[in-house]
Structures are given as C-alpha cells and as structure tokens.
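The values are calculated or read from the model by the stated rules, or taken from the named source; none is laboratory data. Quantities reported herein were computed from a predicted structural model and do not represent experimental measurements. Note that each Cβ is placed from the backbone with ideal geometry, even for glycine, and that neighbours are counted across all protein chains shown. Side chains included, ligands, DNA and RNA excluded: accessible areas come from the protein's heavy atoms. Shrake-Rupley method; radii C 1.70, N 1.55, O 1.52, S 1.80 Å.
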Amino acid sequence: MFYKNFKTVTYCVAGWVNRVNEEQLRKDADFFQKYVKLDKIYLETYRDEFASKEKIEMFKRVMKDYGIEVSGGITTVTPNLNETDKKRQRLFNTFCYCNEPMRAHLKEISEYTASLFDEFIIDDFFFTQCMCEDCIREKGNKTWKEFRLAKMLEVSENLIIKPAKKINPNINIIIKYPNWRESFQETGYNPGQQREIFDSIYTGTETRHGAQQDQHLPRYLSYSLMRYFENVAPGRNGGGWFDPFDCDRIDTYLEQAYLTAFSKPKEIMMFCWPALAGNKRATPLGFMYDKLDAVLERLGEPQGLKVYIPFDSQGDDHIEDFLGMAGIPMEPVCDFPEFGISGAGVPSFNAFNNSVLVTAASLADSKIADKLKRFVKAGGHAIATSSFMISALEKYPEITDLTSVRYTGRHLSADEFQYKVSSQIWRNYIKSREVIEFPLLEHRNNASWSLVNAGHGEYHESILCYDTYGKGRFTVLTLPDMPSKIYNIPAPVLTAIREELEVSGIWIDCESGVSLFTYDNKTFGLYCYTWDGCAPVDFNIHIRGEIKRLARIPESDTPNPWKSKPIEPLYTKSLGSHYTGSSIPTTLEAKTKENDVSQESIPDVVSEPESDKDAALAPDSADTAIGNGETASGKKVIEPCETVFAIRMTPGDFDFFEIVE
C-alpha cells in the first residue's frame, strides 16, 4: 500500500479492456503512478460484452510489473440476446431477470469471472426496472417493490453467488450499492438481506455537481452514505466509489475524495481508468492523498447524530446530507438505537449513544412510536423532523403522548427569526435575506417549549421546540419545504439548531457551507465547501468544557509555519442554569467519576425554560457553586461551561484538530 490508512483503486471497463494495447496501458500506468499511486484495479470481465482472456492476462502481467493488485468486476448490462428481447424496455440495458436466456447469461458471466479471479465486485447496475410481459406475469398480485426485492435476492444467490463459489469456493464477492439509497426497494436493491449472503459491500459516493445533474445530491453524501453502509455491514464495507462525471471544477471532483476519506474507508475507488488517465482532475489526487493519510492516522472512529433510516424506506430524502452541509455531524444507521447504559445500571451521559434523529423515512418502521417512547422515557434525546411529525400524527396517533405539537395543514412564510443559545439569558432577533417557507406545526405554549421561532410581522411559530417525557427529551425540528433552503437560514439560527442537535460537545457558529466531522478520540475536522463566488469564512468553534487549546493535526512531516501553532481560546464561559444542550461533554463526565461527584449535582440536560431569567436575577443561595468546585456547604458541584475558538477557512480546504484539555 502506498498509503497507511487506505488503498487507492480504480476500475477498468470491459469494452476498453478489449481495445487498449499494452503500450497505451503502460503509458497510462506511468501517469497514475506519478500522480495518484494506485494500489489496485478492478478488471471488468463483462459490460455489454466479455473481456477476452488474452486481454485479461495481459493486464495481469502489466499490473504485476507495477506492483498493482488485480481483482475482477462485473456490470450487469447486456444487449438484446435475441429478437424477443426487443420488446423489453430495459433502462441502461439492465437484465430482465424473468427471461431465461438472460438468467443463463448472467450465470455464465459469474462463472467466467470466478474462474479468473479470487475477488470480484458488481457495479451498481445490479437492479431491475423491467416491466415487460414476462415480469408482469411473474409479479402476479405483489407490488413491484415486493416482487423486485424478492427477485433480486433470488438472483443474487442463484445466478451470482452459488455459480461463482462452485467454480472458486474461496472467491470474495462484493456488491456495490449506488448513491440513490431512497430508491433501492423500488429496483430490487435489498441490503437488509443481501448483506447476509454477499461477502462484502461497497458504497457509491458520487455526488458530482449538485444542481447540474438530475439526482441533486448534497456533497455531504460522500461521507454520510459511507457511514450508513459501515453500520449496515460493520467491517465489511470495502470502500467508497466516485467518478469525474458532471464535475464542473476540480474542487467538485476532489470533494468526493475528501469526504469519502473522512469516513475512514478501506479503499478509495476512482472510477474509471479510461476516464481519468491523462485527466487534469486526477493530477492533484496523490498530493491530497498524502495529506489525508497523515490526518487519518490520528483520527478515531467517526461519530455524529444518529439518523434512523430503516431498510426499504423513503422520505425526507437526503435530509441528513442537507443538515451535514449546514455543519451538523450525522451518523445514519439502519437500526433504531437502544438507550445506552454504562456501569452498574447508571445511565450513560454519552449523547452520541443516546440521541437519534427520526425522519419521514423512519415511518417505514411500524413500531417507531413505541420505540421512541421507550427511548425517550429511559433518558434519550429524540429529534423528529417536521415531515416525520406530519405523517406520524396521522399514521401513529400515539405519538401525541410525546408532544403537544400538531400539524395545521397550513404553511409558514418566515423572514424573521427569534433564537436563543444556552450561554444567553435573553432571546435574539434576526431577519433572513429572503422569505423561507415552512410547514406550520403548532405547539401548546408551556406544554412544549420553543427554542427557535420563525414568522413575519405579528405571527411567529416555533421551528424548534421540545417536550420532556420520562427522563428524556423529545424535540421537533421544522425544516423548510425545500430542503436546500436550510442553507439560507441565518447563521445565528443555524447555530442554535446545531447546539440543540450536537452529540459530541462541539458545534460551529457560521452560515451553511462548512461541515463538521467528529471522532471518538477528542479529534474533529472541518471542511469548507467551494461555491460560486465563495470567499474565506471566519467563524467560531464552541466546545463544551474547559479546553486549553486546539492542536492542528499536521498534514505532512514538514510543518506549515502558518498552521503549526495551536489555536488558543477566545474565552471560556460558564453556562450555569442556562445549559440547554443535549450532551454532557466527555471532560465533565470524566471529572464526575474522578471527583466522585453525584449525578444529581450535574445540571439536567433539560433546562427549566422560565427559570433562566429568574436564575440570572436571583441572589446567590447557600449552595451556589463557588467557581467550579465546592459549594458554601462543602458539596462538590461541577458547572457546565463552553470554550470558544476563532478560525478562518478558505473554501476547498480542510482542517483537523486534537482537543487539548
């Protein structure tokens, strides 16, 4: 491996394999090893045509000279095999799996590939949208979703895995999942069951240009989808796969590589050899991979707010990515989390383990209301999007046990916002640059408590409010009708939302366009996206607890004189009774254990709303903390605080830090 923390790999498509000569192949290989440093290629045996054995053997011989590992690949697209196939309207030439000649053809492809390699990957055309007469007849009374999920599971087992393993029992078979997760169930992708039969999986992290192609994928997906599939098959997610297509600028292409790397993949796949050989977009990769490798060496496991996305679900599409683009670290999961317990029956303060965001996709779980009630009652913090609430109130009316929030069926036009953060006593007001449309969800005052309001003139309604239930907290986050309008919410309002949703004790104070990546070893990173007309961004980083400094993680062995110095704090501020965050920082939890402070002496994660002003104006009592140690009566109390740092970032740059306590 050229790099310590990941392999760099590319893919060679069958048609090009058949047509390239050895001289050109070596010329291309020289280019890659100069600018990228390849560890491995996936050599395709079939994509509309078979790659010949002679060409495959030539590739293996040449790659051996360069020290490049070779595995196989299959793309399940085929031309018409006979005249009757002309009646099938197949998107991208994907197979009709109800057609016996095509089924036999796929089995032959799998056997051929297994005879040549000990590992192969299936590109993300392994789906079906065929609705020919044969498919309609075999579907019967099932829905297309039911039929295709069952059909592609059967095809995976009987036409790919069993034939290949009969030829080569030791073969490792990888299924690559595309970037359109919300549509899997409608085309037969079935990760909930396919993960049990395939040896490994792989993740499509292509985001390309968010507005100039039909998928409209926020760039944060290159990170979040990797994390989702790591949770789908822990330890068996082989890597992230992106391409140069529809990338209008080099940074658009490189961002896919950066965000894939921030998720800590085993492999970084750059599709594909003929598209990248001689391409200027590839020339910075090796330089940037050296920097990424140095940073990844120091990072722990990624963490973020868990987003519950059950298998075969759809709704609030990519909302986790829009929030990620706005600076909220996300961790999509396929299983609803259980409230964490640490020690001898003591509830854990770890907000990462005990917080969850539910979206419209979560409604695919028929037991979601009961799961939420158990989770919150035990002490968890659940956040629900407005889309979740609108449908849940109709589909699962028992959700009203958790909140007074109701949907009116009307819309809220807002250009004025009222917000409050935990370090402040009073609320602040700000106007947005444009009117933003929200669904109008009402709450009953003092039954639920609002943290952020939005509206115009004399009518405002909450867009962030919470209820207490049992030992925990249930928060409703109302999001704009158009998800990308999240980016247009004023920076201080976004900051109030970030603080409420943070689970690592870290949040940022800026407009959207900066992503925060948090890890479990007191490290974190920032990436500033490139936009049309972008400029350097100055903002603050807030960290719960008393922090001495931030040490930049070096990107190379040669210190950068402008980046080698640690960042000193602007200030550390006690939060006192104004603490409203959803997490107790690691430092506070550690000090609690070290000083044998009772849990009861730590301020509740749910503040008393109306007590904020009273606490600020009331005289000190006998048990008011003196500093951060003992009360006048001798009782140990640790008061929550936050430390604030200032930073400037240039679009297209990333910075990673270690927290020094």
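Roughly speaking, what % of Cα-Cα pairs in segment 72-127 are separated by over 15 Å, rounded to a whole number?
More than 15 Å apart: 48 percent of the Cα pairs in segment 72-127.
Going by average Cβ neighbours within 10 Å, how do the peptides 389-399, 538-548, 564-574 rank, with the highest at the top?
538-548, 389-399, 564-574
Looking at the chain, send over the antiparallel percent of its DSSP beta bridges, to the nearest 5.
Antiparallel: roughly 55 percent of the beta bridges in the chain.
Which sequence of ARG195, ARG410 reflects their accessible areas, 1.4 Å probe, from the largest down?
ARG410, ARG195
Please state the charge dipole magnitude for the chain, taken about the Cα centre, from unit charges on C-beta atoms (+1 on K and R, -1 on D and E), reported in debye and rounded to the nearest 20.
1160 debye
Can you give the helix-only mean residue ellipticity at 222 nm for the chain, where every DSSP H stretch with n ≥ 4 adds -39500 (n - 2.57) and the sum goes over all residues, rounded to the nearest 500 deg cm²/dmol?
-8000 deg cm²/dmol
Whenever you get a sec, line up ARG406, ARG47, ARG227 from highest to lowest accessible area (probe 1.4 Å, protein heavy atoms).
The residues order as ARG406, ARG47, ARG227, largest area first.
Using a 10 Å cut-off on Cβ atoms, rank the peptides 254-260, 210-216, 237-243 from the highest mean neighbour count down.
Going from most to least packed, we get 237-243, 254-260, 210-216.
Could you give the alpha-carbon Rg of segment 91-248 over 2.2 N^0.38 Å, rounded to two decimals?
Expressed relative to 2.2 N^0.38 Å, the Cα Rg reads 1.07.
Of LYS420/LYS548; LYS162/LYS266; LYS55/LYS87; LYS471/LYS565; LYS264/LYS565, which sit over 32 Å apart, Cα to Cα?
With Cα atoms farther than 32 Å apart: LYS55/LYS87; LYS471/LYS565.
Once you have the alpha carbon radius of gyration of the chain, what is it after dividing by 2.2 N^0.38 Å, with N set to its residue count?
That works out to 1.03 for the chain.
Where the centroid of each part is defined by its Cα atoms, how far is segment 484-528 from segment 174-193 in Å?
29 Å
Mind checking which aspartates and glutamates have their Cα closer than 18 Å to the Cα of LYS60? Skip sequence neighbours fewer than 8 apart in that chain.
GLU22, GLU23, ASP28, ASP30, ASP39, GLU44, GLU69, ASP118, GLU119
Just read off the accessible area of MET102 with the full protein assembly in place, 1.4 Å probe, to the nearest 10 Å².
0 Å²
Among the listed pairs LYS7/LYS27; LYS86/LYS145; LYS107/LYS151, which are separated by more than 18 Å between their Cα atoms?
Correct reply: LYS7/LYS27; LYS86/LYS145.
Using only the alpha-carbon atoms, what does segment 256-300 span along each of its principal axes? Please give whole angstrom values in decreasing order.
35, 17, 13
Using the per-residue mean of other Cβ atoms lying within 10 Å as a proxy for protection, in what order, highest first, do the peptides 497-507, 123-133 fall?
The densest-packed peptide leads the list: 497-507, 123-133.
Hey, if we sort ILE74, ILE659 by accessible area with the 1.4 Å probe, largest down, what's the order?
I get ILE659, ILE74, largest accessible area first.
Please report, as a whole percent, how much of the solvent-accessible surface of the chain comes from carbon and sulfur atoms (probe radius 1.4 Å).
The value for the chain is 49 percent carbon and sulfur by accessible area.
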